[in-house]
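**Student:** One structure follows; several queries about it will come next.
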Amino acid sequence: MGTEISKALDSAELYKYHCVTVRQEISPCKLGLTAVELYWRRKTEVATIETELLRDYRFGQQQLIEIWGHACAIAITKAFPLSSLSKKQPTVLVVCGPEQNGSIGLVCARHLRMFEYEPTIFYPKRSPQSLHQDFTVQCEKMDIPFLSYLPTEVQLLNDAYNLVIDAILGPETDHKEVKEPYAGMLVTLKQVKIPIVSVDVPSGWDVDEPAKDGINPEVLISLTAPKKCATGFSGKHFLAGRFLPYDIQKKYELNLPEFPGTECVIEL
């Protein structure tokens, strides 16, 4: 028994040493690279990292979406605490697209509901995939209302909600080929006066270039690592990337910042 305990302690110490060593090795000073060179990831790089997480590290897609959605909700509570909202009711509009970003928006809405916000979801094209349907059902079971249409009268949105969460178009979307109903939705969101929070990539932006078109969010929540387009973002910027294994951080030279305490998000 003593030998087994000794081996277990040796393994724990070895793992601890490995983690500390890797974290030291991915320091920008050790690598001789600047934060800008390390921080901003291109579309293809982000897709490669996600594929490796799913294939080699055996993360599940539903697991990643849950991690990201929860982190987005936490970031929103930091950017817009309940006490700071201007309206009597803590209303939030969550606008969801048909792919992964839309599901992250659904998870975010569910957690915001648990945090005592009052989310409403607009999800015009629901995904037929069972994974995305599960997230929809979870929101329905929590009595989160779904809009049947997005008002084109912008003042209605300004009057009804404290902020809008843009979970429409993710990094996998070609910003030059945005079709209806999403093109029309972006036209409406460009005109709203209330704050917009974008998930990962502001809808309508080219992932690899600073924005020339698209909406203009006050808050951006980058997932895994900031995208190249975020170099041109001047608002409040959060990162949700603490779950990444150290080996991946080292391999892709991500140079993620030090997250304080037990926080799952950090403001950049």
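The values are calculated or read from the model by the stated rules, or taken from the named source; none is laboratory data. None of these values were measured; they are calculated from a predicted model. Glycine gets a Cβ as well: all are built from the backbone with ideal geometry, and neighbour counts include every protein chain shown. What goes into the accessible areas is simple: the full protein's heavy atoms, side chains included, and nothing from ligands, DNA or RNA. Shrake-Rupley method; radii C 1.70, N 1.55, O 1.52, S 1.80 Å.
**Student:** Give the number of residues within the range 56-102 that are touching a helix residue (DSSP H, G or I) at 6+ places or on another chain (Cβ under 6 Å) and assigned to a helix (DSSP H, G or I).
**Tutor:** 8
**Student:** Pairs, please: C-beta under 6 Å, at least 6 apart or cross-chain, first residue surrounded by 14 or more Cβ atoms within 10 Å (Cβ to Cβ) and in the range 254-268, second at pLDDT below 85?
**Tutor:** From residues that are surrounded by 14 or more Cβ atoms within 10 Å (Cβ to Cβ), the pairs are N255/P28; N255/L38; L256/G241.
**Student:** Still on this structure: Please determine, by comparing only the residues of the range 150-172 that are within 14 Å of the chain's Cα centre (by Cα) and over 11 Å from L93 (Cβ atoms), which one is most open to solvent (accessible area, probe 1.4 Å).
**Tutor:** E172
**Student:** Quick one: count up the residues across the range 41-60 that are open to solvent by less than 70 Å² (accessible area, probe 1.4 Å) and not β-branched (V, I, T).
**Tutor:** Total meeting the criteria: 9.
**Student:** Further, regarding this structure: State the number of residues belonging to the range 219-241 that are out of contact with any helix residue (DSSP H, G or I) (no Cβ under 8 Å at 6 or more places or on another chain) and open to solvent by 70 Å² or more (accessible area, probe 1.4 Å).
**Tutor:** Residues that pass the stated criteria total 1.
**Student:** While we're on this one: Tell me yes or no: at least one residue of the range 129-141 is of a type in the set (F, W, Y) and within 21 Å of Y182 (Cβ to Cβ).
**Tutor:** yes
**Student:** Output the residues belonging to the range 61-78 that are touching a strand residue (DSSP E or B) at 6+ places or on another chain (Cβ under 9 Å) and open to solvent by 20 Å² or more (accessible area, probe 1.4 Å).
**Tutor:** I67, H70, I74, K78
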